[in-house]
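First up is the structure itself, then whatever we jot down about it.
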Amino acid sequence: MHQTLAAADSSRRWRVLAIVVAAQFMFGVDSFIVNVAIPTISTELNASSSQIEAVIAIYLIGYATLIVTGGRLGDIYGTKTVFLAGVFGFTLTSLWCGLAQSGPELILARLAQGATAALMVPQVLATLHVLFPDADRAKAFAIYGIVLGLAGAAGFALGGLLVTLDLGGYGWRSIFFVNIPVGLVILAAAAWVVPQAPRRPATRLDLPGAVILFTGLLCVIGPLLFGREVDWAGWIWLVIAGGVAIVLLFLRYERALAARGGMPLIDLGLLADPAFMRGLGAVFLFFFANQSFYLVVTLYMQMVLKIPPLPAGLVFLPLALAFVIASRHSGARARRRGTLVLIEGCLLQIAGLALVALTVALIAAPTPFMLALALIVVGYGQGLVMAPLSGAVLSTVQATSAGSGAGLYGTTTQISSAAGIAAIGSIYFALAEASSGRFALLVALALIAGSVAGSAILLRWMRRATLVPS
């Protein structure tokens, strides 16, 4: 099986690349497509601001807690089999999202959608690693990186277009229904073209660990989403404390599992690597800032400036273009200058955030064009950081722990994104109600800039402890 996969003819493997990257693109789009439909969803489903935040955050939590399990299922049953199951599940849960009749039902459907994405997405990288062991690997992963960068902007633009067109009278529901034909095409093409990767039956699952981690994260992040609706009652803080205790229990369980010779979700040895942990802290702060940034800017444009969904979505296209250009430059620069490039990218992003804040502070009603110009600087800074960030953080990890390190990296990015949406989003809504949306955005941008600055500090600290060339 492995020989067949590795020996696949050149034209076939590029078709495989197109298929699996299309699935990755669909997942990325759905991380952002909800943003521009927020006002419509809120009105039609009578959903609170907390429920809307949860619709975005729960998708990321479901994905984050099961991504390692999804990768291991691919090892056990074969990447093609699990990829097909993931695409089918993602398509089915997208239909459920589009049919949801209430805020809570949409939250549950999005949780299921994120969970099925955790079956689908890990198989993408696994397939690329096997299919491109030669000189074409750099080109294949460059295409993969560009698709990742474009997914966010495409989500905003596509969401705005679908809500505006109101195809078939489905309104916001079409942002989920569009996944059905796309998912079915990917499913059929993958069944026909994608080869099966070699299995690793010795791999074992840690489903109890995944359940414990999910429960702990939900108890920590959930109250941040809904605490404002109950005036931050005392029991909310008890739930958060309970969530922290469950996360600590998860670490204890993982140690016990490893001691019994099991295969825990995370390689606990990585937690003892200071450079890696500093890098992981930088990752947490970077993604905490970025996902929440898109949320609050979208809320400001649509709820304060009353910019329609389509123009609001198109505002992010120049940012995406700048992101792609920076991503193409950052790899070579990072090889020459190491983590200094990432630090520079963080500083540039902070400058871009300051430019957005200045635009909002000085102009009562900035146009979409004005905002788009300011966002270009943010996008270029993001691109300088995001493309080489995983390589820099994982550079200190031993080859035998590379898979575990990558899994922990991926889990951290999604958890921090969900936490950022919950925390920054709650602060934005509270300040918008108490003062104004304009003031709420300025405070949110200041907090986001502080988080990016913290990421730069940790990257600088990590650099001192590594041998990454500078």
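The values are calculated or read from the model by the stated rules, or taken from the named source; none is laboratory data. Quantities reported herein were computed from a predicted structural model and do not represent experimental measurements. Here the Cβ is made from the backbone with ideal geometry for all residues, glycine too, and neighbour counts use every protein chain on show.
Here is how the numbers come out for the structure above:
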read-out	value
Wholly enclosed helices (runs of 4 or more DSSP H) of segment 251-368 bearing at least 1 residues closer than 28 Å to residue 68 by Cα	274-299, 317-337, 340-362
Test: residue in segment 62-82 that is in contact with a Phe, Trp or Tyr (Cβ under 6 Å, 6 or more places away or on another chain), surrounded by fewer than 22 Cβ atoms within 10 Å (Cβ to Cβ) and either modelled with pLDDT under 90 or closer than 26 Å to residue 169 by Cα (or both)	no
Residue among 393, 378 that is at pLDDT 90 or above, within 22 Å of the chain's Cα centre (by Cα) and buried (at least 22 other Cβ atoms within 10 Å of the Cβ)	378
Residues satisfying the stated conditions in segment 346-369, i.e. over 23 Å from the mean Cα position of the chain (by Cα) and not hydrophobic (A, V, I, L, M, F, W, C)	359, 366, 367, 368
Members of segment 168-222 found to be surrounded by 21 or more Cβ atoms within 10 Å (Cβ to Cβ) and of a type in the set (Phe, Trp, Tyr), listed by number	172, 176
Residue among 360, 324 that alone is more than 24 Å from residue 428 (Cβ to Cβ) and either outside the structural domain of residue 413 (by TED's automatic domain parsing) or buried (at least 17 other Cβ atoms within 10 Å of the Cβ) (or both)	324
Filter pass, residue 396 being at negative phi, outside any helix (DSSP H, G or I) and assigned by TED's automatic domain parsing to the domain that holds residue 282	yes
Single match in 161, 184 (criterion: within 23 Å of residue 127 (Cα to Cα) and either in contact (Cβ under 8 Å) with a residue 12 or more places away in the chain or touching a Phe, Trp or Tyr at 6+ places or on another chain (Cβ under 8 Å) (or both))	184
Residue check for residue 228: buried (at least 20 other Cβ atoms within 10 Å of the Cβ), outside the structural domain of residue 153 (by TED's automatic domain parsing), in contact with a Leu (Cβ under 7 Å, 6 or more places away or on another chain) and charged (D, E, K, R)	no
Matching option when the condition is at pLDDT 90 or above and farther than 22 Å from residue 145 by Cα, among 8, 57, 23	57
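Let's see how each residue does on (1) within 30 Å of residue 404 (Cα to Cα); (2) of a type in the set (Val, Ile, Thr); (3) assigned to a helix (DSSP H, G or I); (4) modelled with pLDDT under 90:
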site	(1), (2), (3), (4)
202	yes, no, no, yes
205	yes, no, no, yes
229	no, no, yes, yes
236	no, yes, yes, no
239	yes, yes, yes, no
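For (1) within 15 Å of the chain's Cα centre (by Cα); (2) crowded, with 16+ Cβ neighbours inside 10 Å, each residue gets a yes or a no:
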| residue | (1), (2) |
| --- | --- |
| 101 | no, no |
| 107 | no, yes |
| 110 | yes, yes |
| 118 | yes, yes |
| 135 | no, no |
| 152 | yes, yes |
